[in-house]
Amino acid sequence: MAPTKVLTGARVVLPTGTVDDGRVIVEGTRITDTAPGDAETVDLSGHWLVPGFVDIHNHGGGGASFTGGTPEDVLKAVRTHREHGTTTVVASAVTGDLDFLARHAGMLAELAQQGDIAGIHFEGPFISPCRKGAHDEELLRDPDPAEVRKLIDAAHGHAVMMTLATELPGGLDSVRLLVEHGVIAAVGHTDATYEQTVAAIDAGATVATHLFNAMPVLGHRAPGPIAALLQDERVTVELINDGTHLHPAALQLAFRHAGADRVAFITDAMDAAGFGDGRYMLGTLEVDVADGVARLVEGGSIAGSTLTLDRAFKRAVTVDGLPVEDVVTAISATPARLLGLDDRVGSLEPGKDADLVVLDAEFTVRGVMRRGEWVVDPRLG
């Protein structure tokens, strides 16, 4: 068994606030509150120590896909995001043939059972052709509860979220079905009105899939889904903080109105995250990535992102001017609570998994630990 590690000297962000010259004790896979005399000391002076990041919406990375890849591809993408601080990741699938999605969900469920991913998010096919983004319109369909149930069953208890255009026929019944089976119903890729979105929330929808993107703009006479999703305390809003998907003012609006407890930073990453520019496939569609921005070859729509959560963290602090504590909440605690995993991850507290990230003074990742093992060892670089 590895020796107990005492991480000392860093500015440690805890649920109660930031502690200068703090310490975190790691015994085995967990955080503990006492250390034996022979414990190994790791000096992290001049650094920040924050909880591991939790990404609830991610399609891949490192040149590999969660959507159509093999188990080896999925693990490669997981490793890529872990190296950037994401110690808990949900595998998101894009629109595809229903039978294919069901088969692929079975494979992803095995990896979830092993603890490699935190569950499965189905983004499509039950979304609006008016707001399809980088989804194949020929494969879109109305949210028939029987077909929704097929995907839930195919995930063998590991479906954690499904994005729906809840204004479509069958949408509200599908929301209720998801809630009944313990799956988060997310409103996204939607052309809903304000009133239709309120009805979806009342039916049990609790997440806004990448708020502002793939939905009608906020209007003063027709406020649409954005106003409904922002104003309701029951809803957590996803934000893609890559400088492409959102203007800083839109991010500030969401944070000031919803607060960090209702914001979840996500990547919406595709294969190119942590890999580089080039030509990729997102589901059935070709994507060109240039200067880190992914767009469909046909039509030019933004096609997910190349974001990793460490970049979202750094931008939130250094560009958007958010307090570090609020960023930690939005990137770790809030998504962990949303997934029902906050008894294990999302904060640095005794008894929880030793998932943590070491950041330098410029908020660049210098170390990543997952369940007590260094993924990126801060002592080596």
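The values are calculated or read from the model by the stated rules, or taken from the named source; none is laboratory data. Keep in mind that what you see is a predicted model, and the values were worked out from it rather than measured. Cβ coordinates were reconstructed from backbone atoms using ideal geometry, including for glycine residues, and neighbour counts include every protein chain displayed.
If you take just the helices (runs of 4 or more DSSP H) that sit entirely in region 243-356, which of them hold at least 1 residues that are in contact with a helix residue (DSSP H, G or I) (Cβ under 8 Å, 6 or more places away or on another chain), under 23 Å from V376 (Cβ atoms) and free of Cβ contacts under 8 Å to residues at least 60 places away in the same chain?
Of the helices (runs of 4 or more DSSP H) lying wholly inside region 243-356, those with at least 1 residues that are in contact with a helix residue (DSSP H, G or I) (Cβ under 8 Å, 6 or more places away or on another chain), under 23 Å from V376 (Cβ atoms) and free of Cβ contacts under 8 Å to residues at least 60 places away in the same chain span 309-318.
Does A91 qualify as being modelled with pLDDT of 95 or more, part of a loop (DSSP other than H, G, I, E, B), closer than 23 Å to T236 by Cα and out of contact with any Lys or Arg (no Cβ under 8 Å at 6 or more places or on another chain)?
In short, no.
Is it the case that E362 is surrounded by fewer than 22 Cβ atoms within 10 Å (Cβ to Cβ) and assigned by TED's automatic domain parsing to the domain that holds L139?
The answer is no for E362.
If the requirement is being surrounded by fewer than 16 Cβ atoms within 10 Å (Cβ to Cβ) and out of contact with any strand residue (DSSP E or B) (no Cβ under 8 Å at 6 or more places or on another chain), which of these qualifies: A260, A228, A222?
The match here is A222.
Residues that are more than 25 Å from L211 (Cα to Cα) and under 25 Å from the mean Cα position of the chain (by Cα): which strands (runs of 3 or more DSSP E) entirely in region 14-85 hold 1 or more of them?
Answer list for region 14-85: 17-27, 30-32, 48-51.
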